[in-house]
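Written below as structure tokens is the structure these notes are about.
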Amino acid sequence: MTVPPPIIAPSILAADFARLAEEVRAVEGAADWLHVDVMDNHFVPNLTIGLPVVQSLRAATELPFDVHLMITDPRRWAPGYADAGAHNVTFHAEACDNPVSLAKDLRAAGAKAGLAIDRDTPIEPYLELLPSFDTLLIMTIKAGFGGQRFIPELLDKVRAARRHVDAGHLELRIEVDGGIAADTIEQAAAAGADAFVAGTAVYGAEDPAEAVRRLRGLAERATAGA
Ligand code: DX5
Ligand code: ZN
């Protein structure tokens, strides 16, 4: 298994939305990416933030944005997030009938392209599309809400993706999202994930930056010598 150094991406879904800029700065210097969950009350029942908030936040921090679109019709909205300066824009496989074409548009707009796979979606049909993507986000819960319990069975998808990525020598981050915390990150890393979203585990902690460092240490240790 070839796994690059881990990326830790705190999710602002668990932050205080009235103090977003401050909450983002609390993880600067510790986090690699800032994970931004966009939900539209259609693809998922929950509703969060959209483009205007991302545009304003973009000016408030140097951290790269990892935008996770849990929305229907990503073709209509995703390129706007690339134009707003997102580092990576991930949309859901379940919401898009031509993922490769949208990935091309995102790359042309200057962003990395990410494909997300929700809890009930098998990974196999998507493995052959991965050369068109820079990140593969595998949900370790059902998308829609923070603070849910990690589902270890979903790591089978991570293992399948890691085998495929290594065999094909693909340059692709395998990201896990949902219930990632000190007691779950090691098993996700051992399964082959190399990017870790953590909401509650970071923003529920007294010291968010310290929580990020701790998660990083655990992920590194889990893959050391693998
Ligand atoms: C949920 C979001 C996650 C969420 C994770 O659908 O995609 O990014 O913020 O939150 P925790 O880490 O609390 O499970
Ligand atoms: Zn997310």
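What follows is calculated from the coordinates using simple rules that are stated; it is not laboratory data. Small disclaimer: the values here were computed from a predicted structure and weren't measured. For neighbour counting, all protein chains shown are included, and Cβ atoms are generated from backbone atoms with ideal geometry for every residue, glycine included.
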Restricting to bridges with both residues inside the chain, how much of the DSSP beta-bridge set is antiparallel, in percent to the nearest 5? 5 percent
Relative contact order as a percentage, the chain, C-alpha pairs under 8 Å and 6+ apart, gives 23 percent
Using label points projected 7 Å from each Cα along Cα→Cβ, tell me how many nm separate Arg149 and Arg75, to one decimal. 4.0 nm
From the alpha carbon gyration tensor of region 1-130, can you work out the equivalent ellipsoid semi-axes (sqrt of 5 times each eigenvalue) and give them in Å, largest to smallest? 24, 17, 15
Region 99-162 to region 7-59: how many Å between their Cα centroids? 19 Å
Counted neighbours (other Cβ, 10 Å), sorted fewest up, put Trp33, Trp77 in the order Trp77, Trp33
Which is the longest part of the chain that has none of the GluC sites (Glu not before Pro) sitting in a DSSP loop with at most 16 other Cβ atoms within 10 Å? 63-127
Restricting attention to the alpha-carbon atoms of region 70-170, what are Rg (one decimal) and Dmax (integer), both in Å? 13.5, 37
Which aspartates and glutamates, on any chain, are close to Lys142 with Cα under 13 Å apart, when same-chain ones fewer than 8 places away are left out? Glu94, Asp118, Asp120, Glu153, Asp177
Can you put His42, His87, His169 in order, fewest other beta carbons within 10 Å first? His169, His42, His87
Estimated distance in nm for a label pair at Ala224 and Ser56, the labels positioned 7 Å out from Cα along Cα-to-Cβ: 4.3 nm
All-pairs Cα distance distribution in the chain, expressed in whole percent, bin size 5 Å: 1, 7, 17, 21, 22, 18, 11, 4, 0, 0
Suppose each label sits 7 Å from its Cα in the direction of the beta carbon; what would the Glu171-His42 distance come out to in nanometres? 3.5 nm
